[in-house]
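Written out below as structure tokens is the structure these notes cover.
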Amino acid sequence: MSRSGDIPMNAADASTAESRGRVVIERVSPEIDCGQFAIKRAAGDSVIVAADIFADGHDAISAVLQYWQHSTAGRPEDRREVPMRELGNDRWMAQFPVSQAGRYDYTLQAWIDRFGSWRRDVLKKAGAGEAAPIDLLVGAELIDEASRKAPKSDAARLLKSAKTLREVSLDGDEGSVVERLSGLLNEDLTGLIWKYSERRFATAYEKELAVSVDREKARCSAWYEMFPRSASAEPGRHGTFKDCEARLPYIAEMGFDVLYLPPIHPIGETHRKGPNNNPVAGPGDPGSPWAIGSKQGGHKSIHPELGTIEDFRRLVARSRESGIEIALDLAFQCSPDHPYISEHREWFRRLPDGSIQYAENPPKKYEDIYPFDFECDAWRELWQELESVVRYWIDQGVRIFRVDNPHTKAFGFWQWLISGIKSEYPEVLFLAEAFTRPKVMYRLAKLGFTHSYTYFAWRNTKWELTQYFTELSQTEVSEYLRPHLWPNTPDILTENLQFGGRPVFASRLILAATLGANYGIYGPAYELGESRPLAPGREEYLDAEKYEIRHWDIERLDSLQGLIGRVNRARRENAALQSDRNLRFHAVDNEALIAYSKSTDDLLNVVLVVVNLDPHYTRSGWVVLPLEELGLDPDQPYQVHDLLTDLRYLWHGPRNYVELNPHQIPAHIFRLRHRVRTERDFDYFM
């Protein structure tokens with residue numbers, strides 16, 4: 001039995017009792033999986049942090065958000081502080097900027113604000129005529145206490161204020177006393193005391209949370225996927241890196257800033273696939289670029305018909321001169337002819353007959369591809385070799401990787417590889433091509449992938465798009481997953497694209513480019529409207545470029561090249577479209593029309609998008625906008641400037657009529673401009 005007066009406690013209770021801290025900090029956001037994973041931001045962003053902060057009793061509370069760059073190892077002298085403000089109902093908030101790529105950490109601290117409590121109470125007492133001289137002496141002592149921690153100049157100001165407070169007369173009516181005290185206890189004095197006051201029994205949040213900060217291209221990018229072997233201007237000739245150079249002005253004119261190349265390595269011959277995934281290849285069939293490796297080399301080698309490593313380096317340099325970065329496909333798998341097969345057979349799963357297990361996704365078989373066994377006994381050597389592949393291409397100037405099927409490799413491997421690479425090369429970006437279950441996609445994003453493919457290709461109706469992108473932009477998912485929207489890929493030709501014709505290609509492009517700050521298309525198949533499926537009910541292309549060289553007539557008059565250029569120009573010129581945040585959907589009384597807006601935080605740039613989802617018929621309806629939320633005066637007309645047609649309309653009030661013919665342009669991308677009146681009563685819109 002405990003004796004009278006003893007305080008029973010366990011080890012955890014002992015630390016709390018010892019600190020005598022009265023403030024509670026809980027429900028901190030953003031915080032991913034109890035702080036296990038970092039949130040994501042891009043350089044130039046801000047991190048808004050909120051928490052429930054409260055204490056027993058009625059004392060005032062002060063709280064700070066502390067942050068620092070991870071390289072400082074969290075030394076107290078390197079931590080910066082931002083005062084938090086109460087939002088109501090014990091919810092507090094503050095934010096801090098992240099200016100460069102790398103890792104930042106943050107945490108919270110809160111304490112009983114003795115001066116804040118005294119100031120609040122003494123003003124109440126003065127207002128009720130109940131303030132006494134002793135009350136002023138209490139405040140003066142608190143100011144004296146703060147002065148002892150302040151440097152000489154600030155200490156002098158504080159001591160002067162304490163002296164003045166002791167001399168304040170409480171004679172007079174309540175209003176005059178409150179006025180005198182309020183003038184003395186102004187914001188300058190309060191700020192000084194807050195700066196130097198004793199944080200007695202402060203509560204420190206038990207976790208230090210992380211922010212993974214990428215360079216600006218992580219926030220916004222437009223990708224163009226192209227097979228180099230099909231880039232030749234001459235039908236029948238295998239394309240080269242020099243042909244890719246010649247294609248750069250075409251890609252740049254459309255406004256893309258990333259050129260993504262499927263695997264550029266030697267292609268195996270054993271079990272090589274023929275046209276349309278035929279299990280038997282004919283003479284001269286080039287095979288799938290994803291069947292990596294032959295007697296000519298593996299993942300650190302280049303297919304000889306594409307050129308040399310010098311040619312590749314030249315392409316990287318010429319691309320950057322055009323404002324374009326090269327992204328390489330990172331496909332960790334091998335053809336049966338890859339040098340790894342003979343040199344490191346232990347890295348692959350073997351069957352009872354001694355043969356190596358090829359890749360399968362029943363009923364599909366990929367006899368030309370051997371997956372690595374991430375559970376093999378030599379897993380350390382395997383991981384190190386695969387990391388060396390990434391480092392090799394970084395040495396060649398590559399800073400962006402699209403990762404093929406990362407969900408079929410070990411989670412732990414990706415966390416180890418990405419964290420190691422980004423600690424040395426924080427500018428490197430990784431895109432996860434994982435069309436799989438949501439929780440698996442989310443886990444990969446948490447592990448460090450910069451961008452993630454999404455289900456956008458299969459979200460077609462207004463309800464589907466609204467629900468999906470509300471989840472991606474307005475829930476916790478937005479803190480760690482950056483969506484990358486692709487209406488098509490070499491593997492995916494959706495039913496919508498097969499039967500919707502040019503209007504669907506146009507509308508899906510606009511949706512991808514405006515719903516998401518990061519998007520891409522597989523071209524020239526996309527801008528030329530390639531829509532022939534391998535067979536009814538299949539989402540694969542007929543004569544797929546994965547298995548044969550295609551010649552594309554990029555000068556065709558029916559190309560979407562011009563529309564793509566206008567859409568990407570709108571993205572470049574409007575900061576609202578360069579972020580996934582602040583996406584809001586708006587009511588429109590026609591299920592075939594979808595309306596949404598994006599805006600900058602200061603509302604100086606607001607873009608409204610309205611898209612006709614019906615590829616066959618003209619659709620019309622009334623769009624309803626929350627004008628004040630968009631920074632518009634409900635009593636004033638405002639201009640909507642269509643960035644696709646350059647037409648301008650004068651709208652009034654929240655409800656306005658739209659009509660879209662899908663066979664012309666199936667969407668509006670409006671920049672909202674409010675009326676400004678000059679001193680000479682001259683009106684213009686900005």
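The values are calculated or read from the model by the stated rules, or taken from the named source; none is laboratory data. Fair warning: this is a prediction, and the values are worked out from it, not measured in the lab. Heads up, the Cβs are rebuilt from the backbone with ideal geometry, glycines too, and the neighbour counts pull from every protein chain shown. Areas reflect the complete protein model, heavy atoms only, side chains present, ligands, DNA and RNA absent. Shrake-Rupley method; radii C 1.70, N 1.55, O 1.52, S 1.80 Å.
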Checklist entry - For the chain, what is the percent of antiparallel DSSP beta bridges, rounded to the nearest 5? => result 75
Checklist outcome for this item: Taking placed amide H atoms and a strict 5 Å upper bound, the residues 5 or more places from S452 or on another chain that come that close are A432, R482, H484
Checklist entry - Once Cα extents along the principal axes in Å is worked out from the coordinates, which option in (1) 105, 74, 49; (2) 107, 69, 52; (3) 106, 78, 55 does it equal? => result (1)
Checklist entry - Packing-wise, with mean Cβ within 10 Å as the measure, how do 305-318, 355-368 rank, highest first? => result 305-318, 355-368
Item to check | Debye, to nearest 20: dipole size of the chain, +1 on Lys, Arg Cβ, -1 on Asp, Glu Cβ | outcome: 560
Checklist entry - the stretch 423-443 to the stretch 537-589: how many Å between their Cα centroids? => result 22
Item to check | Given charges at Cβ of Lys, Arg, Asp, Glu: the stretch 464-606 dipole, positive-most of P533, A595, F469 | outcome: A595
Checklist entry - Ranked from the most accessible area to the least, with a 1.4 Å probe and all protein chains present, what is the order of R350, R80, R272? => result R80, R350, R272
Item to check | Amide H within-cut-off set for Q95, under 5 Å, with H built and near neighbours excluded | outcome: V49
Checklist outcome for this item: With DSSP loop assignment and no more than 13 other C-beta atoms within 10 Å, the GluC sites (Glu not before Pro) in the stretch 577-650 are E591
Checklist entry - At a probe size of 1.4 Å, how large is the accessible area of H344, to the nearest 10 Å²? => result 50
Item to check | Accessible area of I394 in the full protein assembly, 1.4 Å probe (Å², nearest 10) | outcome: 10
Item to check | Nearest-20 debye value, the stretch 249-340 charge dipole, Cβ charges on Lys, Arg, Asp, Glu | outcome: 220
Checklist outcome for this item: Between the residues A576, V606, L625, the Cα farthest towards the positive end of the dipole of the stretch 558-648, that dipole coming from +1 and -1 charges on the beta-carbon of Lys, Arg, Asp and Glu, is from A576
Item to check | Kirkwood Rh and Cα Rg combined as Rg over Rh, evaluated for the stretch 555-610 | outcome: 1.08
Checklist outcome for this item: Expected field for K217, accessible surface area in Å² at 1.4 Å probe radius, rounded to 10, holds 40
Checklist entry - Considering amide H positions built from the backbone, and no H for Pro or chain starts, which residues 5 or more places from T270, or on another chain, come under 5 Å of its amide H? => result D337
Checklist outcome for this item: Taking D580, D121 and ranking on accessible area (1.4 Å, protein atoms only), highest first, one gets D121, D580
Checklist entry - Which of the listed residues, N277, L261, A231, is farthest toward the dipole's positive end in the stretch 227-280, when Lys, Arg count +1 and Asp, Glu count -1 at the beta-carbon? => result N277
Item to check | Rh by Kirkwood over Cα pairs, then Stokes-Einstein D for the stretch 447-543 at 0.692 mPa s and 37 °C, µm²/s | outcome: 234
Checklist entry - Expressed as a rounded percentage, what relative contact order does the chain have, with Cα pairs under 8 Å and six or more residues apart? => result 10
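Per the helix-only calculation at 222 nm, which mean residue ellipticity applies to the chain, given -39500 (n - 2.57) for every DSSP H run of n ≥ 4 and division by its residues, nearest 500 deg cm²/dmol? Please list the in-between numbers first.
On the way: 15 runs with 194 residues, N = 686.
Rounded to the nearest 500, the figure is -9000 deg cm²/dmol.
Where does each of 452-461, 371-380 land if you order them by average Cβ count within 10 Å, highest first?
Listed from highest to lowest mean packing, they are 452-461, 371-380.
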Next on the checklist: Can you tell me the orientation of helix 114-127 relative to the chain, as the angle in degrees between its alpha-carbon axis and the longest Cα principal axis, to the nearest 10?
Outcome noted: 50
Item to check | Between 0 and 90°, nearest 10: helix 152-167 axis offset from the chain longest Cα axis | outcome: 40
Checklist entry - Tell me, what is the percent relative contact order of the stretch 63-128, built from C-alpha pairs under 8 Å that lie six or more residues apart? => result 38
Item to check | Nearest 10 degrees, 0 to 90: helix 379-395 Cα axis against the chain principal axis | outcome: 90
Checklist entry - Short version: ³J(HN,Hα) in whole Hz for each residue of the stretch 200-209, in order, from phi by Karplus 6.51 cos²θ - 1.76 cosθ + 1.60 (θ = phi - 60°), x for Gly and Pro, what are they? => result 5, 6, 5, 9, 9, 4, 6, 10, 10, 9
Checklist entry - What's the percent breakdown of Cα-Cα distances in the stretch 600-649 across 10 Å bins, shortest bin first? => result 18, 48, 28, 7
